[in-house]
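Heads up: the structure comes next, in structure tokens.
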Amino acid sequence: MTTVRISDDALALACGADVIAEAFVAAGCTVERVSSWGMHWLEPLVEIDGSGWGPTGVDDVAAILAKTSDLSIGTIADHPFIAAQQRLTFARAGKTRPLSLDDYAATGGWAGLKRARMLASPDLIAEVIQSGLRGRGGAGFPAGIKWQTVAAAPGTRKYIVCNADEGDSGTFADRMLMEGDPFHLIEGMAIAAHAVGAAQGYIYVRSEYPHAIAKLKAALVLAEALIAPFRCEVRVGAGAYVCGEETSLLNSLEGKRGEVRAKPPLPAHQGLFGQPTVINNVLTLAAVPHILLEGGAAHYDSHGILRSKGTMPIQLAGNIKHGGLFETAFGITLRELIYDIGGGTFSGRPVKAVQVGGPLGAYLHPDQFDIVFDYEAYSAADALIGHGGIVVFDDTADMGKLARFAMEFCAAESCGKCTPCRIGSTRGVELIDRIRGRAQTSADPVAALPQMHNAAKHLRTHDENLQLLEDLCETMQYGSLCALGGFTPYPVRSALKHWPEDFGASS
Amino acid sequence: MTGEERLTEICAAHRGREGPLLPILHDVQSAFGCVDPAAERVIANALNLSRAEVHGVVSFYHDFTAEADPRPAIELCRAEACQARGVEALVEAAEHAAGERVRIKTVYCLGLCSAGPAARIGSQLHARLDRAALLELVQSA
């Protein structure tokens, strides 16, 4: 009997994978639901004996079984999109059934945890430091140093918290890992728990990911005995983007409003319920089992460039022909990612802009596409890697509108704790509207009061409005408590710098 | 079972957990379609919190609502990646077709960014939406 492998990843389901699977069952095949290879433009992807067909519809089933379908992509593992990758974190993508403990163990699962448990805490942490692993959530803080701090912090209880509140547009690596390889994340958390002496872990998943929540809950039941005495629980977010910020996430876990906390104290010293807490992103924790293999730390360190070590699961999204998950060592250029791997835009039109790092990331102009994927190179260009999401826009994009959207998004999602973010984002929307509409607004009655010595008494000109927007961005960038208000100026300023014509500069 | 009994039961089910408020609110929202002031009072009593504290949490998160909305809801992603794939051009037609019968709710990101525009109805996901496909979703909702 033919065995057909079809993904049960949320994206494959959204593209109709269930219907295809049913059709193959009706045709007398055995269907195995596996994780996704990450070639999203080919979903639903059908695999028989290593060969692939996609994107498939119900009508293609007969032709695929007769091997006459023109949707064939040949051997999946040899596909250029897959062959060009260096998959460490996503080594199992497309190859295993997500909730099969047998599949997981047969592909090297639990080996990292087994070896970690034979190591003393300082030796284990030394290996994580040696690997050069940095936090994959966006800030890029060395993971080993964070663990060391928690291990050394005095406390009766310690916690491992996994930040799976993947709210950035253009990112889906956390979702794919949780749905496709949940045991891998759990193993990483169990290793972290052993390293710092924590007994309890929480995975905070956003409510927009019901499939990931279900998979993780099922996986935790199956793995309960294997990770004991460590216990772990899934907690579901409630639609607040700001809860991806670590201190806000901790407040949310405690059952409070998801407001950002001032730092210090760092979560490593006083985190969840005031106890020392390791809080890491899904991808950071999922990189750990590989690092803890014999020689794994040195292998991980051998990838990447300068201070950006290891591999990054990069997510190609938006208006791109070949979108999906591309894990590779740091050092690849944006040009290679967008044109050689991504195949340019999905619409076939020229690329106008690329946003890297989610809604708070800068818009990069095609002139900047030689920038290499590296934390420091991006921050030198006033941009950020963030969570590794790349959103491509074609030449129909209105950058002024996108800059406005960045402010609008910040206003909608601000936790309200600090003034630059709460008020600044709303004033930013109004200001961009004035700049773009060139609307003749009457002089502000408050600004006209005699005690407002510094306020302009006349109607601001276009240039004065732009200067005001610059000032506002600076206030938000340096005056906000967290990255939401602090990084919202990145998309705004970059759009203003590279595409002034979209703000009405040419007229 | 009365509403209050059901609420007490939900609160009791989460007793002993660390930070039980959000799990309780999720269960209440899914059982009643909302977390109204009466429910806030019961939850506050059960957790020994003030009503203001519970209300503060309920009003902070987008997922909790003070009033139930019985209409079917389509959550349409309008974040950057879906904008890049043209979701904005579909919004007006979808809202027109939805009228008062269906609620079109904006969400920011369903994690299907390489295959947008995307939408969600409950746990049912839909990707690569064009005008016709989205209108069909609205009509069959």
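Overview of values
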{"quantity": "Hey, A:ARG97 basic (Lys, Arg), within 30 Å of A:ILE191 (Cα to Cα), in contact with a helix residue (DSSP H, G or I) (Cβ under 6 Å, 6 or more places away or on another chain) and touching a residue at least 24 places away in the same chain (Cβ under 8 Å) or not", "calculated": "yes"}
{"quantity": "Residues located in the stretch A:320-351, provided they are basic (Lys, Arg) and either free of Cβ contacts under 8 Å to residues at least 12 places away in the same chain or within 20 Å of A:LEU384 (Cβ to Cβ) (or both)", "calculated": "A:ARG335"}
{"quantity": "Breaking point among (1) open to solvent by 40 Å² or more (accessible area, probe 1.4 Å); (2) touching a strand residue (DSSP E or B) at 6+ places or on another chain (Cβ under 9 Å), for A:LEU468", "calculated": "(2)"}
{"quantity": "Tally, over the stretch B:118-141, of residues that are within 11 Å of chain A (Cβ to nearest Cβ), open to solvent by less than 60 Å² (accessible area, probe 1.4 Å) and assigned to a loop (DSSP other than H, G, I, E, B)", "calculated": "4"}
{"quantity": "Condition met for B:LEU110 (surrounded by 18 or more Cβ atoms within 10 Å (Cβ to Cβ), facing chain A (nearest Cβ under 7 Å), in contact with a strand residue (DSSP E or B) (Cβ under 6 Å, 6 or more places away or on another chain) and closer than 26 Å to A:ARG257 by Cα)", "calculated": "yes"}
{"quantity": "Within the stretch A:317-344, considering residues that are at the interface with chain B (Cβ under 10 Å from one of its Cβ atoms) and in contact with a Lys or Arg (Cβ under 7 Å, 6 or more places away or on another chain), the one farthest from A:HIS299 (Cα to Cα)", "calculated": "A:ASN319"}
{"quantity": "Residue check for A:ASP123: modelled with pLDDT of 95 or more and open to solvent by 10 Å² or more (accessible area, probe 1.4 Å)", "calculated": "yes"}
{"quantity": "Filter pass, A:GLY255 being surrounded by fewer than 24 Cβ atoms within 10 Å (Cβ to Cβ), in contact with a helix residue (DSSP H, G or I) (Cβ under 6 Å, 6 or more places away or on another chain) and not assigned by TED's automatic domain parsing to the domain that holds A:THR328", "calculated": "yes"}
{"quantity": "All strands (runs of 3 or more DSSP E) inside the stretch A:1-112 with 2 or more residues being of a type outside the set (A, V, I, L, M) and either open to solvent by 50 Å² or more (accessible area, probe 1.4 Å) or within 14 Å of chain B (Cβ to nearest Cβ) (or both)", "calculated": "A:3-7, A:30-34, A:72-75"}
{"quantity": "Test: residue in the stretch A:198-206 that is more than 10 Å from chain B (Cβ to nearest Cβ), under 16 Å from A:THR149 (Cβ atoms) and out of contact with any Gly (no Cβ under 8 Å at 6 or more places or on another chain)", "calculated": "yes"}
{"quantity": "The listed residue being open to solvent by 10 Å² or more (accessible area, probe 1.4 Å), within 21 Å of B:ILE104 (Cα to Cα) and in contact with a strand residue (DSSP E or B) (Cβ under 7 Å, 6 or more places away or on another chain), out of B:ALA73, B:ALA68", "calculated": "B:ALA73"}
{"quantity": "Filter result for the condition that a residue is within 14 Å of chain B (Cβ to nearest Cβ) and either farther than 20 Å from A:ILE186 by Cα or free of Cβ contacts under 8 Å to residues at least 24 places away in the same chain (or both), over A:GLU233, A:GLU224, A:GLU254", "calculated": "A:GLU254"}
{"quantity": "Top-ranked residue of the stretch B:52-65 - restricted to ones that are without any contact (Cβ under 8 Å) to a residue 12 or more places away in the chain and open to solvent by 60 Å² or more (accessible area, probe 1.4 Å), ranked as nearest to the other protein chains (Cβ to nearest Cβ)", "calculated": "B:HIS62"}
{"quantity": "Qualifying residue in the stretch A:384-399 (condition: crowded, with 24+ Cβ neighbours inside 10 Å and among the hydroxyl-bearing types (Ser, Thr, Tyr))", "calculated": "no"}
{"quantity": "Leading residue by the ranking (farthest from the chain's Cα centre (by Cα)) among those in the stretch A:236-246 that are facing chain B (nearest Cβ under 9 Å) and open to solvent by 20 Å² or more (accessible area, probe 1.4 Å)", "calculated": "A:VAL236"}
{"quantity": "Filtered residues of the stretch A:261-282 (kept if in contact with a Gly (Cβ under 9 Å, 6 or more places away or on another chain), within 14 Å of chain B (Cβ to nearest Cβ) and in contact (Cβ under 8 Å) with a residue 40 or more places away in the chain)", "calculated": "A:LEU272, A:PHE273, A:GLN275, A:THR277, A:VAL282"}
{"quantity": "Of residues in the stretch B:49-95 being of a type in the set (S, T, N, Q) and more than 18 Å from the chain's Cα centre (by Cα), the one nearest to A:ASP395 (Cα to Cα)", "calculated": "B:GLN83"}
{"quantity": "Conditions (1) surrounded by fewer than 24 Cβ atoms within 10 Å (Cβ to Cβ); (2) out of contact with any Pro (no Cβ under 9 Å at 6 or more places or on another chain); (3) over 23 Å from A:THR156 (Cβ atoms); number of the one not met by A:ARG175", "calculated": "(1)"}
{"quantity": "A:LYS217 vs. criteria within 14 Å of chain B (Cβ to nearest Cβ), in a loop (DSSP other than H, G, I, E, B) and either among the aliphatic types (A, V, I, L, M) or surrounded by fewer than 21 Cβ atoms within 10 Å (Cβ to Cβ) (or both)", "calculated": "no"}
{"quantity": "Residue in the stretch B:94-101 that is assigned to a loop (DSSP other than H, G, I, E, B), among the aliphatic types (A, V, I, L, M) and either away from chain A (no Cβ under 13 Å) or farther than 22 Å from A:VAL351 by Cβ (or both) present", "calculated": "no"}
{"quantity": "Exclusive hit being closer than 20 Å to A:ASP502 by Cβ, open to solvent by less than 60 Å² (accessible area, probe 1.4 Å), of a type in the set (Ser, Thr, Tyr) and in the same structural domain as A:GLN477 (by TED's automatic domain parsing), set A:SER425, A:SER414", "calculated": "A:SER425"}
{"quantity": "Residue in the stretch A:290-341 that is nearest to A:GLU127 (Cα to Cα), counting only those that are open to solvent by less than 10 Å² (accessible area, probe 1.4 Å) and in a helix (DSSP H, G or I)", "calculated": "A:ALA297"}
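The values are calculated or read from the model by the stated rules, or taken from the named source; none is laboratory data. Quick caveat: nothing in here was measured; it's all calculated off a predicted structure. Quick reminder, even Gly has a Cβ in these numbers, built from the backbone with ideal geometry, and neighbours come from all protein chains shown. Just the protein is used for accessible areas: all its heavy atoms, side chains included, with ligands, DNA and RNA removed. Shrake-Rupley method; radii C 1.70, N 1.55, O 1.52, S 1.80 Å.
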